[in-house]
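Contents: one structure, followed by commentary.
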Amino acid sequence: MDHVSTWFQSALLPEKWEVAGVSCASLSVWHYFALEQTGNPYLHGTRINRDHAAALLMYCCGDYQHGRRLFTGPFYRQRFMRRIARKLKRRDWPDIDAAIIDYLQTCLRCPAHKSRVPKAGETAKTVKAPAAWVLVDYLSGGAPSRIDAAWDAPYAVARCLFDAHRDIKGDDDSLESIEDEIYNDRYIERERERLKNGG
């Protein structure tokens, strides 16, 4: 099998991961939102260090309720950060970094969208709500009793469900087809090979 589509990969994501010696859940809508809101450099592609790795793992080792406790209970947060730091201390930095990058690349891989060209007379409408809240609203249907489960849904699965729903309803004409995805993946692979071989 040459190509694993984002749709197929999202359906196969494991529930638990071992990331640099820390047991983590599959990266959820909540994890994505927490990392985005706290400006974790792993999500933003800026310079990273052990502290950023520890912070990422601190959020991702639990569910939404764990995340709430991290923000509302300073002692709970300190205890968790110390526990993660002890685990990371026993590992080499390149191994930690590689494990986290693999975890993120796998868990955040979801269907891509093409640049949408507005139709004549149409104005582009932007959503100001964070993407994670849009996913939570969609998954929970606005029902308060379902919000925690929506936060804990794997991010890639939530994106697939949201995109599939919008595609079925005809609300989205920018979603890439599987053929587009295969073409783009092959192009990226060729570029990597070209750069690796000196350009």
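Laboratory data are not the source of any read-out in this text; all were calculated from the coordinates shown. Note that this is a predicted model, so its numbers are computed, not measured. Neighbour counts run over all protein chains shown; Cβ positions are idealised from the backbone, glycine included.
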**Fill in**
Computed, not fitted: 222 nm per-residue ellipticity of the chain from DSSP H runs ≥ 4 (each -39500 (n - 2.57)), nearest 500, equal to -18500 deg cm²/dmol
**Item:** Dipole in debye (nearest 20) - the chain, about Cα centre, beta carbon charges: Lys, Arg +1; Asp, Glu -1
**Value:** 1180 debye
**Item:** Solitary cysteines of the chain, where the nearest other Cys Cβ is not under 4.7 Å
**Value:** Cys61, Cys107, Cys110, Cys160
**Complete:** Interchain or sequence-distant (5+) residues whose placed amide H lies within less than 5 Å of the amide H of Leu175 are Lys114
**Fill in**
Here, Leu195 and Phe75, labelled 7 Å along Cα→Cβ, have an inter-label distance in nm of 4.8 nm
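Based only on other Cβ atoms within 10 Å, what is the fewest-to-most ordering of Leu161, Leu139? Show your work: numbers first, answer last.
On the way: Leu161 15, Leu139 20.
Ranking Leu161, Leu139 by Cβ neighbours within 10 Å, fewest first, gives Leu161, Leu139.
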**Prompt:** What length, rounded to one decimal in nm, is gained on full extension from Arg82 through to Ser145, with 0.36 nm per residue of separation minus their alpha-carbon distance?
**Reply:** 19.4 nm
**Message:** Given an 8 Å cut-off on Cα distances and at least 6 residues of separation, report the relative contact order of segment 9-107 as a percent.
**Reply:** 34 percent
**Request:** Please order Arg192, Arg69 by the number of other Cβ within 10 Å, starting at the fewest.
**Result:** Arg192, Arg69
**Item:** Amide H contacts of Val19 (H built 1.01 Å from N, under 5 Å, at least 5 apart or other chain)
**Value:** Cys24
**Fill in**
For Glu179 and Ala131, extending 7 Å from Cα along the Cα-Cβ vector and measuring point to point gives, in nm, a value of 2.6 nm
**Asked** If you stretched the chain out fully between Asp2 and Arg68, how much longer would it get, using 0.36 nm times the residue separation minus the C-alpha to C-alpha distance?
**Response** 19.7 nm
